[in-house]
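First up is the structure itself, then whatever we jot down about it.
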Amino acid sequence: MHGRMSRRQFLRGTALAGAGAALAPRHLLAAGAPAVVETRSPNAKLNVACIGVAGRGGSHLGGAARENLVAICDIDDKNLDKVGQKYPNAKKYFDYRKMFDEMHKGIDAVVVATPDHQHAPASMMAIKLGKHVYCEKPLTHSIYEARMVAEAAKRNKVATQMGNQGHSGGGYHALCEFIWTGAIGDVTEAHCQTNRPIWPQDLKRPTDCPEAPANIHWDEWLGPAPKRPYHPCYLPFKWRGWWDFGCGALGDMACHIMDGAMWALQLGHPTSVELVEVLGGNDETFPKSSVIRWDFPARKATVPTSKTPIEMRPVKVFWHDGGKTFPTPEEVGRDFKIDGGGASFYLGDKGKMYTGCYGGGVTLLPIAKMKDYPKPERVLPRPEGGHFGDWINACKTGKEAGSNFSYAGPFTEVVLLGNLAIRAGAGKKVEWDGPNMKVTNMPELNRCVKREYREGWTL
């Protein structure tokens with residue numbers, strides 16, 4: 001392992017504040033946004049470091065390079081060499097802890113695009129150093145991490161964004177405006193579905209122990225996860241199906257597909273969550289398919305379409321994966337094309353609505369109703385420059401990005417409660433005390449709310 005500088009020792013000794021706070025109010029509805037550590041001219045360049053430069057990480061390199069890409073970090077030397085050839089001025093690392101030790105004074109903002117189990121420690125290290133953070137979804141691997149990272153970002157007044165790109169696409173903005181103006185009345189059910197998993201799940205841990213390739217820094221890849229031998233069944237994309245590293249189909253897609261429900265229905269803490277159906281799964285990997293239900297209580301929502309808070313009825317939100325889908329409503333009609341990657345249906349007492357995987361294709365059902373219904377007034381500003389550009393603008397101006405961690409943290413908590421239901425087993429309702437992050441009827445599940453880190457890794 002690399003030697004640590006005194007900055008590292010200081011960071012590891014910093015205690016985090018308590019975790020009892022309730023969910024923050026919706027990000028676009030807050031009275032004001034906290035200022036970031038420092039604001040600058042929109043024409044000034046940020047010094048950006050990217051942690052994870054292949055896959056999703058590779059998609060952010062162009063945006064980072066339009067600023068000033070000063071450092072790249074990846075546990076695969078082949079990825080580093082390939083990216084380093086294109087961006088020769090970026091310093092290369094395979095351990096982001098060392099990168100922060102050596103370069104923290106020369107970094108303004110950080111992109112985290114690692115496997116899920118590394119999201120929180122990498123993001124938190126950056127936040128404590130006062131760096132702006134863009135982190136891929138899900139924001140964290142555990143519920144506790146989501147709460148801690150969101151609180152730390154608010155406390156340190158940095159600009160943040162979770163990588164659920166549909167949040168900046170305009171579709172979910174329109175969905176909110178339709179629902180808030182009563183287009184389908186009171187929504188009592190929402191059904192979200194995905195084509196995931198598209199990687200192996202319902203597997204047992206391998207017993208053979210092949211040598212890790214010379215280009216892979218396995219110990220750094222494991223990071224805070226429990227130590228285990230290298231095996232090709234984990235890399236590069238297959239880690240999503242393993243409990244120690246990924247968050248399954250929910251982790252991959254729920255922060256995209258459930259975003260409309262979270263935002264439009266102003267969801268806070270659910271009172272319970274339950275695994276309705278399941279096929280396969282074990283203590284090592286996620287099941288082949290699942291159907292999960294969250295129960296949310298009645299709530300008052302402050303929305304920009306109304307001068308006074310609006311009453312929202314209790315609502316059930318369902319998740320369908322692994323080939324399980326919500327029966328297509330008859331109002332859809334034969335010619336309507338459902339997004340095969342993912343879709344959502346919203347059931348109200350006066351009608352129904354549909355959105356595609358990332359919020360596109362917002363449609364009132366039946367479709368004829370969409371043609372005749374007057375479009376609601378645009379009350380939610382659409383971000384310029386896309387999702388990544390929204391974050392860059394936040395870094396420079398102090399204006400909050402759309403999916404900042406005050407929104408993304410509570411959202412991730414809700415998503416990861418679905419995996420807590422999988423841990424409980426089918427037909428067992430998990431009763432949830434959201435403000436205190438506790439399962440009240442099955443206390444043995446609380447061990448899954450906060451995971452233990454391997455020595456050398458910390459929040």
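The values are calculated or read from the model by the stated rules, or taken from the named source; none is laboratory data. As the structure is a computational prediction, the values presented were derived from the model and not from experiment. So basically every Cβ, Gly included, is an ideal-geometry build from the backbone, and we count neighbours across all protein chains shown.
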### Query
Residues of segment 417-444 being over 20 Å from the mean Cα position of the chain (by Cα), buried (at least 17 other Cβ atoms within 10 Å of the Cβ) and within 13 Å of Tyr144 (Cβ to Cβ), which ones?
Val439
#### Entry: Residue satisfying all of: in segment 315-349; in contact with a Leu (Cβ under 9 Å, 6 or more places away or on another chain) and closer than 18 Å to Gly170 by Cα; surrounded by the fewest Cβ atoms within 10 Å (Cβ to Cβ) among these
Phe345
### Verdict on Leu380 being under 30 Å from Leu46 (Cβ atoms) and of a type in the set (A, V, I, L, M, F, W, C)
yes
### Task
Pairs only if they're at least six apart or on different chains, beta carbon under 7 angstrom, first in segment 440-459 and over 22 Å from Ala122 (Cα atoms), second of a type outside the set (D, E, K, R) and assigned to a helix (DSSP H, G or I); list them, first residue then second.
Met442/Ala424; Leu445/Leu420; Leu445/Ala424
### Among (1) outside the structural domain of Ala298 (by TED's automatic domain parsing); (2) more than 27 Å from Glu455 (Cα to Cα) - the single one Ile179 does not satisfy
(1)
### Task
Select from segment 59-92 the residues that are under 22 Å from the mean Cα position of the chain (by Cα), buried (at least 19 other Cβ atoms within 10 Å of the Cβ) and assigned to a helix (DSSP H, G or I) and list them in ascending order.
Leu61, Gly63, Ala64
### Task
Could you tell me which of the residues Leu139, Leu129, Leu222, Leu175 is over 23 Å from Ala254 (Cα atoms) and in contact with a helix residue (DSSP H, G or I) (Cβ under 6 Å, 6 or more places away or on another chain)?
Leu129
### Query
Got a sec? Which of Val317, Val276 is touching a helix residue (DSSP H, G or I) at 6+ places or on another chain (Cβ under 8 Å) and part of a strand (DSSP E or B)?
Val317
## Note on the structure
The correct count of residues that are in contact (Cβ under 8 Å) with a residue 24 or more places away in the chain, surrounded by fewer than 19 Cβ atoms within 10 Å (Cβ to Cβ) and assigned to a loop (DSSP other than H, G, I, E, B) in segment 350-374 is 5
### Query
Looking at segment 117-128, which of its residues are surrounded by 24 or more Cβ atoms within 10 Å (Cβ to Cβ) and either assigned to a strand (DSSP E or B) or of a type in the set (D, E, K, R) (or both)?
none
### Query
Looking at Gly359, Gly342, which is the one that is touching a Lys or Arg at 6+ places or on another chain (Cβ under 9 Å) and in the same structural domain as Ile179 (by TED's automatic domain parsing)?
Gly342
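Looking at Glu400, Glu384, Glu377, Glu413, which one is buried (at least 21 other Cβ atoms within 10 Å of the Cβ), acidic (Asp, Glu) and not in a helix (DSSP H, G or I)?
It is Glu400.
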### Query
With respect to the numbered conditions (1) over 17 Å from Ile75 (Cα atoms); (2) more than 20 Å from the chain's Cα centre (by Cα); (3) crowded, with 24+ Cβ neighbours inside 10 Å, which one is the sole condition not fulfilled by Gly106?
(3)
